[in-house]
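Visitor: There's a structure below that I have some questions on.
The values are calculated or read from the model by the stated rules, or taken from the named source; none is laboratory data. As the structure is a computational prediction, the values presented were derived from the model and not from experiment. Every residue, glycine as well, gets a Cβ built from its backbone with ideal geometry; the counts of neighbours run over all protein chains shown.
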C-alpha cells in the first residue's frame with residue numbers, strides 16, 4: 001500500500017469516530033480530561049482492531065464483516081435512544097458518554113470495520129503496522145477535533161444538545177444497517 005492509500009483508508013476508518021465524537025462533545029461532561037481519554041481510546045481501538053484483524057483467520061474475518069454493521073447498529077441505536085430519552089427528562093441522571101464502559105463500547109463500535117480492514121490489508125501483502133499506526137493517529141486526531149466541534153455546536157443549538165447527539169448516533173447506526181442490507 002502506498003502512503004496515499006494508507007492515509008485515505010485511515011481517514012475513511014476515522015469518520016465514524018469523528019461523528020460520534022461530535023455527539024459526545026455536546027455533553028456537559030466534555031472536560032479536557034474526558035476529551036483526552038475519548039480521543040486516546042478511539043485512536044487506540046482504531047490501531048488495535050486492524051492489528052487483530054490482520055492476525056485473525058479469514059473465517060473469522062468473514063463473520064466479522066457479515067455481523068459488523070448489525071453490532072454497530074445495535075450499540076449506537078441504543079446509546080442514541082438513551083441520549084434522547086435522557087434529554088426529555090425520562091431518566092433520573094443525564095446520559096454520560098464519558099463513563100469508561102460507555103466509552104469502550106463506543107470505541108469498539110466505531111472500530112469494528114477496522115477489524116475487517118486489517119484482514120484485507122494483510123491479504124494484500126501490505127505491512128499492517130504502518131496502516132494501523134496511521135489509522136490510530138488519524139482517528140485520535142479527528143476524535144479530538146470532533147469533540148471540540150461538538151462543544152462549539154452545542155452553544156448554537158436551540159434545543160437540548162443530547163437530542164442532536166442522540167440523533168447523530170442513530171443516523172450512524174441506520175447508515176450501518178442500510179449499508180448491510182443493500
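Visitor: Being over 10 Å from the mean Cα position of the chain (by Cα), at pLDDT 90 or above and surrounded by fewer than 23 Cβ atoms within 10 Å (Cβ to Cβ) is the requirement here; does residue 132 meet it? Give the derivation first.
Guide: Numbers: over 10 Å from the mean Cα position of the chain (by Cα): yes; at pLDDT 90 or above: yes; surrounded by fewer than 23 Cβ atoms within 10 Å (Cβ to Cβ): no.
It is false that residue 132 is over 10 Å from the mean Cα position of the chain (by Cα), at pLDDT 90 or above and surrounded by fewer than 23 Cβ atoms within 10 Å (Cβ to Cβ).
Residue by residue, here is whether (1) modelled with pLDDT under 70; (2) closer than 21 Å to residue 22 by Cα; (3) not in a helix (DSSP H, G or I) holds:
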position	(1), (2), (3)
54	no, no, no
60	yes, no, no
69	no, yes, no
78	no, yes, no
104	no, yes, no
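Visitor: Considering 164, 140, which residue is closer than 17 Å to residue 30 by Cβ, at pLDDT 95 or above and out of contact with any strand residue (DSSP E or B) (no Cβ under 8 Å at 6 or more places or on another chain)?
Guide: Criteria check complete, one pass: 140.
Visitor: Is it fair to say residue 82 is out of contact with any strand residue (DSSP E or B) (no Cβ under 8 Å at 6 or more places or on another chain), assigned to a helix (DSSP H, G or I), more than 18 Å from residue 136 (Cα to Cα) and modelled with pLDDT of 90 or more?
Guide: No.
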